[in-house]
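This report refers to the structure that appears directly beneath it.
None of the figures in this text is laboratory data; all of them are computed from the coordinates on show. Not measured: the values here are computed from a predicted model. So basically every Cβ, Gly included, is an ideal-geometry build from the backbone, and we count neighbours across all protein chains shown.
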Amino acid sequence: MPSIMRIFGWLAVSAAGLLAVLTIALHRGEQINAMWLVVAAVCVYAIGYRFYSGFISAKVLALDAHRATPAERLENGRDFVPTNKWVVFGHHFAAIAGPGPLVGPVLAAQFGYLPGTLWILAGAVLGGCVQDFVILLFSVRRDGKSLTEMARAEIGKLGGFVAYVAVISIIIILLGVAALIVVNALKASPWGTFTIAMTIPIALLMGLYLRRLRPGKVLETSVLGFVMVLLAIWGGQWVSQSHLAGYFTLGASTLAVLIILYGFAASAVPVWLLLAPRDYLSTFVKLGTIALLAVGIVALRPTLHMPALTRFIDGSGPVFAGSIFPFAFITIACGAISGFHSLISSGTTPKLIRREPETRMVGYGAMLCESMVAIMATIACCVLQPGIYFAINSPAGIVGVAPVQAAQTISGWGFPITAGEMNSLAQAVGEQTLLNRTGGAPAFAVGMAHIFANSLGGQALMAIWYHFAIMFEALFILTVLDAGTRVGRFMLQDALGHVWEPLGRTSWYPSILATSSLIVGAWGYFLWQGVKDPLGGINSLWPLFGIANQLLAIVAFCVATTIIVKMRKASYGLVTLLPLAWLVAVTFTAAWHKIFDSNPRIGFLAHAQQLANAAVLAPGTSRLIFNDRLDAVVTAALILMVAMVLVESLLEWGRVLSGRKLPVVKEASFVATRFATEER
Amino acid sequence: MKQWGQVLRARLGQSRQILVLMLQEIFDESAYTRFLTRQGLTTSREAYDRFVREQGEAKARRPKCC
């Protein structure tokens, strides 16, 4: 395209993006169409990718098309395989997109659609994509080393140790909170529980089919699994209306126990039997559903009923307590900046990259796609009437369990809703009630069902779509639970192997059972704590997860900035330093509030004190007090460790910049790629 | 116009091919094919068992993002 046309093209994209962002940001008192969010996102992402990632590629990282990647130099047909960039892109996206970008934006929508949307756009373009991109490139230049290994090599031993502890902490907290979301979505829901229960035998059947009947035909097996899941959803409707309903109508505590037992079993049985087929099935459903949701939004072009800003920006929100700063920024991690991505960017993906310049599309581009998923989740929950959104997401401790009382409380906030409307909605989606379904998943499912039912099938299918969405989220989360428990187990075994060698053997059953028990016990404790929490658990656990995830991003940005400084590119250090400074401000402030805030709904210690001050302690109160104090200690410990990494990094930058230390980057030596000559 | 149609058909064909490759990589079918080539085997239960054993721990160590 002639350059003048290109300039006009980008000017048009910029103008459209500006108009869309201004419309989102400045409209007050009237509803806007969801397409404004889509247009804003697409334009901002396009500009971010074309110009900002282009600048980072050229000036900061100086991507070298002539340098061979580890996939080429160390090619072994197993881990290191030079792969087509689009294939790596899809593989990377499938690995980074989990339930986070669906749940976080739904919870943050209590502030209105505006704060979450702006944070998703700015956070992704200036932070999350940059993190994924630079960590991927630095790992590629270091033979595919992990974040922990890079932290140890570039910052010091402490950096490596803290990265390890942060990873295992995040895994444990994530699994606890993820399991809680499933419990809240399935409690008193025979249809949902039956469908999810069926995914276990379906995964086992898939495992056997793949191993015995059609070896290697994973796509075919996944399609069969998907058909069986659809039958399970259809069958769930029948079960929920039959005498079998009683067996699948379970309370939160029972579901929690079952999920803990499942997690333990899943981490101990062979990978091929449960983990791998469930992973394939979940990925299949995930990719299909995300594409379907995008089509549904574009086809329906729904109106957002949630206002741009709600009264809860003052921090008194029922979904979780705390003001926009810092809590919106830790509530939405995946979709904006997620530290966990740095593990994927320094895991499998760098070993597949064929040419160095492709890290831009894979690292930066795939994160943009995940950010788009977060925007779609924002749309899905904001198309609901705000009264419905708050009725679903508010815990019983705040709005009560009686529909009339809950409706009165929520209407009193300025979001009119009646008990009759909530009952009708529950009936329409085939549930007994939708009240107090905290955790984000049910609200997202109702929004998604609304979009699907209005664009792809009509209202008659509302209940089927709702349970399809619940199945999709729960399947997603249970896959994270399977994989996370096993990853945590291996990490623990690696560490304990240094203490006593047999404990490090991953096939030694006593070690498997001991380490599985420790990991499942740890996240199971957080799950149990959430189930027993009168405020629904999400109020305390999701911020804890957000803080832990963003702290890992701080470690990743410390590593990236250190490497940039050592590359003698300190003048471009702001690219990683700015998101780092922002994350430090956000996480440290959030942690301070979560520990010391005098509002018992925010501060762990204040809440513990409030409970302890009661004249007569109700049964179980001592446990709640202990949990609050434990959460405070966990938060403080994480912050303290990351603060140490930060100080260690600052000292290292000081030494290098002042000339007291020779900047040595620990990259693999340059080898010319053969692909460049092949392409000529 | 005819030329434009041909280009479009070629592009669609390429996109379809990339999509299939992407799915095969995500769903480990490509990894299995590479395994068979590397080991000089043809597909069978035994070959798949060996592939699953080789790939099992690496797969289990791969974190799934949140």
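Write down the radius of gyration of the stretch A:1-146 and its Dmax, each obtained from C-alpha positions, in Å.
Cα-based Rg and Dmax for the stretch A:1-146 come out at 18.8, 60 Å.
Going by a ≥ b ≥ c, the root eigenvalues of the Cα gyration tensor, does the stretch A:94-234 fall in the rounded group (a/c under 1.5), the prolate group (a/b larger than b/c) or the oblate group? Present the calculation step by step, with values, prior to reporting the outcome.
Details: a/c = 2.13, a/b = 1.38, b/c = 1.54.
Oblate shape, in that a/c is at least 1.5 and b/c is the bigger or equal ratio.
Please work out the C-alpha center-to-center distance from the stretch A:449-464 to the stretch A:1-76 and express it in whole Å.
The stretch A:449-464 and the stretch A:1-76 have Cα centres separated by 33 Å.
Give me the net charge of A:Val81's neighbourhood, meaning all other residues with Cβ under 11 Å from the Cβ of A:Val81; Lys, Arg count +1, Asp, Glu -1. Before the final figure, lay out each step's value.
Details: positive: A:Arg78, A:Lys351, A:Arg354, B:Arg34, B:Arg38; negative: A:Glu72, A:Glu75, A:Asp79, B:Glu25.
Once positives and negatives cancel, what remains is +1.
With 28 Å as the limit, write out which pairs from A:Lys217/B:Lys59; A:Lys85/A:Lys217; A:Lys145/A:Lys569; A:Lys661/B:Lys64; A:Lys85/A:Lys666; A:Lys351/A:Lys661 have Cα-Cα distances beyond it, or answer none.
Values: A:Lys217/B:Lys59 17 Å; A:Lys85/A:Lys217 23 Å; A:Lys145/A:Lys569 22 Å; A:Lys661/B:Lys64 38 Å; A:Lys85/A:Lys666 26 Å; A:Lys351/A:Lys661 31 Å.
As for pairs spanning more than 28 Å Cα to Cα, those are A:Lys661/B:Lys64; A:Lys351/A:Lys661.
About the Cα centre, and with charges only on the beta carbon of Lys, Arg (+1) and Asp, Glu (-1), how big is the dipole of chain A? Nearest 20 debye, please. If you can, show how the numbers build up before the last one.
On the way: 44 positive and 30 negative charges, 262 e Å.
Dipole about the Cα centre, nearest 20: 1260 debye.
May I ask for the equivalent-ellipsoid semi-axes of the stretch A:330-488, computed as the square root of five times each C-alpha gyration tensor eigenvalue and listed largest first in whole Å?
Working: eigenvalues 263, 59, 46 Å².
Semi-axes from the Cα gyration tensor: 36, 17, 15 Å.
According to a simple spin-label model (label point 7 Å from Cα along Cα-to-Cβ), what is the distance in nm between A:Arg212 and B:Arg34?
3.0
Using +1 on the beta carbon of Lys and Arg, -1 on that of Asp and Glu, and nothing else charged, what's the dipole of the stretch B:2-60 about the Cα centre, debye to 20?
Numbers: 10 positive and 7 negative charges, 93 e Å.
It comes to approximately 440 debye.
Subtracting the Cα-Cα distance from 0.36 nm times the residue separation, let me have the gained length for A:Phe626 to A:Val671 in nm, one decimal. Write out the running numbers ahead of the final one.
Working: separation 45, 0.36 × 45 = 16.20 nm, distance 5.68 nm.
Full extension from A:Phe626 to A:Val671 adds 10.5 nm.
In nm, to one decimal, how far is the A:Tyr247 label point from the B:Thr42 one, both placed 7 Å along Cα→Cβ?
Result for the modelled spin labels: 4.5 nm.
What does the convex hull of the Cα atoms of the stretch A:448-556 come to per residue, in Å³, rounded to a whole number? It would help to have the intermediate numbers written out before the result.
Details: hull volume 18.5 nm³, N = 109.
Looking at the stretch A:448-556, the number lands at 170 Å³ per residue.
For chain A, take the longest principal axis of its alpha carbons; what is the angle in degrees between that and the long axis of helix A:538-566, to the nearest 10 within 0 to 90?
Long axis of A:538-566 versus the principal axis of chain A: about 10 degrees.
Let me know the shape class of the stretch A:291-386, please: from the alpha-carbon gyration tensor, a ≥ b ≥ c as square roots of the eigenvalues, rounded when a/c is under 1.5, otherwise prolate if a/b is greater than b/c, or oblate.
On the way: a/c = 3.68, a/b = 1.59, b/c = 2.31.
Here the stretch A:291-386 falls in the oblate category.
Could you compute Rg(Cα) / (2.2 N^0.38 Å) for the stretch A:267-339, with N its residue count? Each step should come with its number before you reach the end.
Numbers: Rg = 18.7 Å, N = 73, 2.2 N^0.38 = 11.2 Å.
Computed over Cα atoms of the stretch A:267-339, the ratio equals 1.67.
Give me P(r) over the stretch A:467-626, computed from all C-alpha to C-alpha distances, binned every 5 Å, as integer percentages.
Distribution as computed: 2, 7, 11, 12, 12, 13, 16, 13, 9, 4, 1, 0, 0 percent.
Ordered by residue, what ³J(HN,Hα) values in Hz, to whole numbers, does the stretch A:655-661 give under the Karplus form 6.51 cos²θ - 1.76 cosθ + 1.60, where θ = phi - 60° and Gly and Pro are x?
3J(HN,Hα) across the stretch A:655-661, in whole Hz: 4, 6, 5, 7, x, 6, 9.
Name the residues whose placed amide hydrogens come within less than 5 Å of the amide hydrogen of A:Ala68, ignoring near sequence neighbours (fewer than 5 apart) on the same chain.
The list, which skips near neighbours in sequence, is A:Val671, A:Ala672, A:Thr673.
Taking amide hydrogens as modeled 1.01 Å from N in the peptide plane, which residues meet the under 5 Å criterion relative to A:Thr303, leaving out close sequence neighbours?
Residues meeting the amide H criterion: A:Ala34.
Based solely on its DSSP helices, what 222 nm [θ] is calculated for the protein assembly as shown when runs of n ≥ 4 H residues each add -39,500 (n - 2.57) and the sum is averaged over all residues, nearest 500 deg cm²/dmol?
Working: 32 runs with 507 residues, N = 746.
Mean residue ellipticity at 222 nm (helix-derived): -22500 deg cm²/dmol.
Taking each residue in B:49-62, count the Cβ atoms of any other chain within 10 Å of its Cβ, then average. What number comes out? Before the final figure, lay out the partial values.
Values: counts 4, 0, 3, 10, 3, 1, 4, 6, 5, 4, 8, 14, 10, 9.
Taking all residues of B:49-62 together, the mean is 6.
Check cross-link reach from A:Lys157 to the aspartates and glutamates: straight Cα distance under 20 Å, and skip same-chain residues fewer than eight apart.
Excluding near neighbours in sequence, the set is A:Asp143, A:Glu149, A:Asp494, A:Glu648, A:Glu652, A:Glu667.
Compute the angle between helix B:45-60 and the longest alpha-carbon principal axis of chain B, please, reported from 0 to 90 degrees and rounded to the nearest 10.
90
Can you list the HN-Hα couplings for the stretch A:517-524, worked out from phi with the Karplus curve (6.51, -1.76, 1.60; θ = phi - 60°), rounded to whole Hz and with x for Gly and Pro?
Running phi through 6.51 cos²θ - 1.76 cosθ + 1.60 with θ = phi - 60° gives 4, 4, 5, 5, x, 5, 6, x Hz.
Summing +1 for each Lys or Arg and -1 for each Asp or Glu, what net charge is found among the other residues whose Cβ lies under 15 Å from the Cβ of B:Gln17?
Numbers: positive: A:Lys85, B:Arg9, B:Arg11, B:Arg16; negative: B:Glu25, B:Glu29.
Net local charge, B:Gln17 excluded: +2.
Towards the positive end of the charge dipole of the stretch A:454-532, with charges on Cβ (+1 Lys, Arg; -1 Asp, Glu), say which of A:Ile464, A:Gln529, A:Gly504 has the farthest Cα.
A:Gln529
For the stretch A:399-518, what's the radius of gyration and Dmax over Cα atoms, in angstrom?
Using the Cα atoms of the stretch A:399-518, the pair Rg, Dmax is 22.2, 63 Å.
Going by how many other beta carbons lie within 10 Å of each one, how would you line up A:Ser571, A:Ser146, A:Ser346, A:Ser455, fewest first? Don't skip to the answer; put the middle values down first.
Values: A:Ser571 9, A:Ser146 21, A:Ser346 26, A:Ser455 17.
Listed from fewest to most nearby Cβ atoms, that is A:Ser571, A:Ser455, A:Ser146, A:Ser346.
Sketch the reach of a paramagnetic label on A:Leu574 as a point 7 Å from Cα along Cα-to-Cβ, and name the residues of the stretch A:51-78 whose backbone nitrogen lies under 20 Å away.
So the set is A:51-62.
Starting from the 7 Å offset along Cα-to-Cβ, what nm value, one decimal, do you get for the label separation of A:Asn599 and A:His498?
Computed distance between label sites A:Asn599 and A:His498 equals 4.1 nm.
Just the number, please: Stokes-Einstein D of the stretch A:396-453 in µm²/s, Kirkwood Rh from C-alpha pairs, 10 °C, 1.306 mPa s. Let's see the in-between values first.
On the way: Rh = 11.9 Å.
After rounding, the answer is 133 µm²/s.
Report the convex hull volume per residue for the stretch A:195-351, counting only C-alpha atoms, in Å³.
Details: hull volume 34.1 nm³, N = 157.
For the stretch A:195-351, the hull spanned by Cα atoms encloses 217 Å³ per residue.
Can you list the trypsin sites (Lys or Arg not before Pro) in the stretch A:565-641 that are in a DSSP coil and have 12 or fewer other beta carbons within 10 angstrom? Display every interim value, and only then the final one.
Values: sites: A:Lys566, A:Arg568, A:Lys569, A:Lys594, A:Arg601, A:Arg623, A:Arg629; in loops: A:Arg568, A:Lys569, A:Arg601.
Sites meeting the loop and neighbour criteria: A:Arg568.
Under 18 Å Cα-Cα from A:Lys532, which aspartates and glutamates qualify once same-chain neighbours fewer than 8 residues away are excluded?
Once the sequence-local aspartates and glutamates are set aside, what remains near A:Lys532 is A:Asp628, A:Asp631.
Alpha carbons only, please: Rg and Dmax for the stretch B:2-60, in angstrom.
Final numbers for Rg and Dmax: 16.8, 53 Å.
Send over the per residue convex hull volume for the protein assembly as shown, Cα only, as a whole number of Å³.
Working: hull volume 134.1 nm³, N = 746.
Cα-based convex hull of the protein assembly as shown, divided per residue, equals 180 Å³.
Spelling out what I want: for every residue of the stretch A:219-229, take phi, set θ = phi - 60°, compute 6.51 cos²θ - 1.76 cosθ + 1.60 (Karplus), and round to whole Hz; glycine and proline get x.
Here the 3J(HN,Hα) series is 4, 4, 5, 5, 5, 4, x, 5, 4, 5, 5 Hz.
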